[in-house]
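The block underneath contains the structure these notes are about, expressed in structure tokens.
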Amino acid sequence: MKIFKEFKDFAMRGNVMDMAVGVIIGGAFGKIVTSLVDDIIMPIIGSITGGIDFTSLSAKVGEASINYGIFIQNIVDFLIVAFCIFMMVKAINAASLKLKDEEVVEEAPEEPAGPTQEELLTEIRDLLKDK
């Protein structure tokens, strides 16, 4: 029974739950990107390249069919997802750095105030008067 308690503690830990939400959202995002690539980007690229349908690109090796067109589409999928993740991480890092900079500015101690110009002139006048 101890192993079930340990598993429950592990599964209910915050990081695991956050990761599960990330995987689910990532799967949904993957479907959106796949649709974007399959239904919008690749037809545009196909029309630019003379009407080539990338999904039908294949090569026969003996009885086997190598579908390299689908592989090309998967590469485009990956590049779009990787770029989106890169931009998200970059935005998160910029936001966290901005927060850290604000904290540093707030925590910076004030420098001791030096004498004002009037105080310095008064001191010089007094020194000259004493001579």
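For segment 45-53, check the following and say yes or no: at least one residue is among the aliphatic types (A, V, I, L, M), part of a helix (DSSP H, G or I) and within 28 Å of Ala82 (Cα to Cα). Yes; the residues of segment 45-53 include at least one that is among the aliphatic types (A, V, I, L, M), part of a helix (DSSP H, G or I) and within 28 Å of Ala82 (Cα to Cα).
Criterion first (open to solvent by less than 60 Å² (accessible area, probe 1.4 Å), of a type in the set (A, V, I, L, M, F, W, C) and at negative phi) does Ala95 satisfy it? Answer is yes for this residue.
Report whether or not Met19 is in a helix (DSSP H, G or I), within 30 Å of Phe7 (Cβ to Cβ) and not charged (D, E, K, R). Yes; evaluated as a whole, the condition is true for this residue. Based on what the data block shows, is Met12 over 20 Å from Phe83 (Cα atoms) and either without any contact (Cβ under 8 Å) to a residue 12 or more places away in the chain or not hydroxyl-bearing (Ser, Thr, Tyr) (or both)? Spelling it out, Met12 is indeed over 20 Å from Phe83 (Cα atoms) and either without any contact (Cβ under 8 Å) to a residue 12 or more places away in the chain or not hydroxyl-bearing (Ser, Thr, Tyr) (or both).
Every test in (1) open to solvent by 100 Å² or more (accessible area, probe 1.4 Å); (2) at pLDDT below 85 is passed by Arg125 save one, and that test is (2).
Counting the residues of segment 54-84 that are in a helix (DSSP H, G or I), at pLDDT 80 or above and open to solvent by 50 Å² or more (accessible area, probe 1.4 Å) gives 10.
The set of residues in segment 1-14 that are open to solvent by 50 Å² or more (accessible area, probe 1.4 Å) and not aromatic (Phe, Trp, Tyr) comprises Met1, Lys2, Ile3, Lys5, Glu6, Lys8, Asp9, Met12, Arg13. Of the residues that sit in segment 15-44 and are open to solvent by less than 50 Å² (accessible area, probe 1.4 Å) and hydrophobic (A, V, I, L, M, F, W, C), which one is nearest to Val81 (Cα to Cα)? The residue in question is Val33. Could you tell me whether Gly50 is farther than 30 Å from Gly26 by Cβ and either touching a Cys at 6+ places or on another chain (Cβ under 7 Å) or at pLDDT 80 or above (or both)? Answer is yes for this residue.
The values are calculated or read from the model by the stated rules, or taken from the named source; none is laboratory data. Fair warning: this is a prediction, and the values are worked out from it, not measured in the lab. Backbone-built Cβ (ideal geometry, glycine too); neighbour counts: all protein chains shown. For accessibility, only protein heavy atoms count, side chains too; no ligands or nucleic acids. Shrake-Rupley method; radii C 1.70, N 1.55, O 1.52, S 1.80 Å.
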